[in-house]
Amino acid sequence: MKIVSAKVIVTCPGRNFVTLKIHTDQGVYGIGDGTLNGRELAVVSYLEDHVIPCLIGMDPRRIEDIWQYLYRGAYWRRGPVTMRAIAAVDMALWDIKGKMAGMPVYQLLGGRSRDGVMVYGHANGSDIDETVDAVGQYIEMGYKAIRAQTGVPGIKDAYGVGRGKLYYEPADAALPSVTGWDTRKALNYVPKLFEKLRATYGFDHHLLHDGHHRYTPQEAANLGKMLESYQLFWLEDVTPAENQEAFKLIRQHTVTPLAVGEIFNTIWDAKDLIQNQLIDYLRATVVGAGGLTHLRRLADLASLYQVRTGCHGATDLSPVTMGCALHFDTWVPNFGIQEYMRHSEATDEVFPHDYHFDKGYLFCGEAPGHGVDIDEELAAKYPYKPAYLPVARLEDGTMWNW
């Protein structure tokens, strides 16, 4: 069995997605996701110019060997562009193997560890009252876990306040727009949100919050300590993770669970955080961390230290990644939770899939492979549109983390 052709499909049904489709000489094809929000064309170029020519003639059943070839064979390793290109190939090969075996991917990984995958939705508002109402709407839809973000008085376009309730796209302009940030104002306001949420809805539902790399380690420790009485499921990306030592300071001062990793590319990004038990949840993604083949290694390392998974799942990941993530979540023993920001109707039409939501859980399907396909004719009706993620500046104009 050989790979005879591969092509990249770029489509924008509300946001841009990069899809790789690999064909074999036996008529079986597989698709993978290589989307990198705001840098899609960089992945396209890497796939078309450097990866696809190497794939032709290879045996698609040799998933591990091909992964090692693309990773170890490249002198310049890692990075978001390279690892997402590898992930696109890896997802497509697992899709092919599942179709060949007549089995869903989770069976190939080792079978079920659970019946359903608990997910969390995004509730946001321009102020506390609006966010509280939004959380109530998610509870009514059956969610058992909700991420809560609020606008902060005096901060322009505070992070997490999206344009839409069930889905939104933060990449909003052909050139980066500018948002604001003020840590002191956020620290004064965010705890009040969770005070009111617990007073309104009690403690039966899981609540999460995203710091989006905005706080210094000391500020992050302060926020975590202020939120302890509200028993968050986790505090996410509370400080930039480039300096993994920083999490030691946070850990010393708060017992609020910590989650990080949606921008991680390899096991090396998470190794020290895991081995030193500085985090509770690992948020690495199938597309960001080089596909299912590599994400399994991160999860296995994490399991040794009682760190659980909490894969990123916003709309910058296509339904292909979501489908693969759900097969991974269904199998992985140390599962924690799965983020689930719903895609638009147009995206769901371009990417027909067999996973579904019910009463706070997502369920992967039983179709051979990962259960997600692409309608190429429909995809062609949504051409690529340049779109950047915003940037953030402090009140004095200093560049900050977005």
Would you mind stating whether ASP204 is part of a loop (DSSP other than H, G, I, E, B), modelled with pLDDT under 95 and either surrounded by fewer than 21 Cβ atoms within 10 Å (Cβ to Cβ) or under 25 Å from the mean Cα position of the chain (by Cα) (or both)?
no
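Can you name the helices (runs of 4 or more DSSP H) wholly within segment 1-97 that have at least 1 residues being touching a Pro at 6+ places or on another chain (Cβ under 9 Å)? Break it down into steps so the answer makes sense when it comes.
Numbers: elements: 40-46, 52-55, 63-72.
In segment 1-97, the matching helices (runs of 4 or more DSSP H) lie at 40-46, 63-72.
Within the group GLN306, GLN338, which residue is surrounded by fewer than 24 Cβ atoms within 10 Å (Cβ to Cβ), under 12 Å from the mean Cα position of the chain (by Cα) and either at pLDDT below 95 or not charged (D, E, K, R) (or both)?
Within the list GLN306, GLN338, the selection yields GLN338.
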If we keep just the residues of segment 354-371 that are buried (at least 22 other Cβ atoms within 10 Å of the Cβ) and out of contact with any Asp or Glu (no Cβ under 7 Å at 6 or more places or on another chain), which is farthest from ILE146 (Cα to Cα)?
CYS364
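Going by the conditions given, is ALA145 within 22 Å of LYS185 (Cβ to Cβ) and at pLDDT 95 or above?
In short, no.
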Given the conditions (1) open to solvent by 10 Å² or more (accessible area, probe 1.4 Å); (2) under 16 Å from HIS294 (Cβ atoms), which single one is not true for ASP33?
(1)
Here are some conditions: (1) in a loop (DSSP other than H, G, I, E, B); (2) open to solvent by 20 Å² or more (accessible area, probe 1.4 Å). ILE374 meets all but one. Which one does it not meet?
(2)
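Could you please give the count of residues in segment 159-201 that are in a helix (DSSP H, G or I), aliphatic (A, V, I, L, M) and either over 18 Å from SER126 (Cβ atoms) or open to solvent by 20 Å² or more (accessible area, probe 1.4 Å) (or both)? Before the answer, list the steps.
The initial filter retains those residues of segment 159-201 that are in a helix (DSSP H, G or I), namely 183-201.
From what's left, aliphatic (A, V, I, L, M): 186-187, 190, 193, 197, 199.
From what's left, either over 18 Å from SER126 (Cβ atoms) or open to solvent by 20 Å² or more (accessible area, probe 1.4 Å) (or both): 187, 199.
Summing the residues that are in a helix (DSSP H, G or I), aliphatic (A, V, I, L, M) and either over 18 Å from SER126 (Cβ atoms) or open to solvent by 20 Å² or more (accessible area, probe 1.4 Å) (or both) in segment 159-201 gives 2.
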Residue list for segment 238-249, restricted to those being of a type in the set (A, V, I, L, M, F, W, C), at pLDDT 95 or above and not in a helix (DSSP H, G or I):
VAL238
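What are the residues in segment 361-386 that are small (Gly, Ala, Ser) and out of contact with any helix residue (DSSP H, G or I) (no Cβ under 9 Å at 6 or more places or on another chain), if any?
Going residue by residue through segment 361-386, those that are small (Gly, Ala, Ser) are 365, 367, 369, 371, 379-380.
ALA380, the sole residue that qualifies.
Would you point out the residue of segment 207-237, among those that are in a loop (DSSP other than H, G, I, E, B) and farther than 19 Å from MET399 by Cβ, that is most open to solvent (accessible area, probe 1.4 Å)? Steps first, please.
From segment 207-237, those in a loop (DSSP other than H, G, I, E, B) are 211-216, 227, 231-233, 237; that's our starting set.
Those still in the list that are farther than 19 Å from MET399 by Cβ too: 227, 231-233.
Numbers: LEU227: 1, GLN231: 120, LEU232: 12, PHE233: 23 Å².
Only one residue fits best here, namely GLN231.
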Write out, first by first residue and then by second, each pair whose Cβ atoms fall under 8 Å of each other, whose residues are 6+ apart or on separate chains, and whose first residue, in segment 66-77, is under 20 Å from TRP94 (Cα atoms) while the second is of a type in the set (Asp, Glu) and surrounded by 16 or more Cβ atoms within 10 Å (Cβ to Cβ).
ILE66/ASP90; TRP67/ASP90
Of the conditions (1) under 15 Å from ALA87 (Cβ atoms); (2) open to solvent by less than 10 Å² (accessible area, probe 1.4 Å), HIS294 fails just one. Which one is it?
(2)
Considering only residues that are touching a helix residue (DSSP H, G or I) at 6+ places or on another chain (Cβ under 6 Å), in a loop (DSSP other than H, G, I, E, B) and surrounded by 19 or more Cβ atoms within 10 Å (Cβ to Cβ), which ones fall in segment 131-154?
VAL152
ARG77 meets each of (1) farther than 26 Å from HIS353 by Cα; (2) modelled with pLDDT of 95 or more with one exception, condition (2)
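The values are calculated or read from the model by the stated rules, or taken from the named source; none is laboratory data. Source: prediction; values computed, not measured. With ideal geometry, Cβ positions are generated from the backbone for all residues, glycine too; neighbour counts draw on all protein chains shown. In case anyone asks, the SASA skips ligands and DNA or RNA and just uses the protein heavy atoms, side chains included. Shrake-Rupley method; radii C 1.70, N 1.55, O 1.52, S 1.80 Å.
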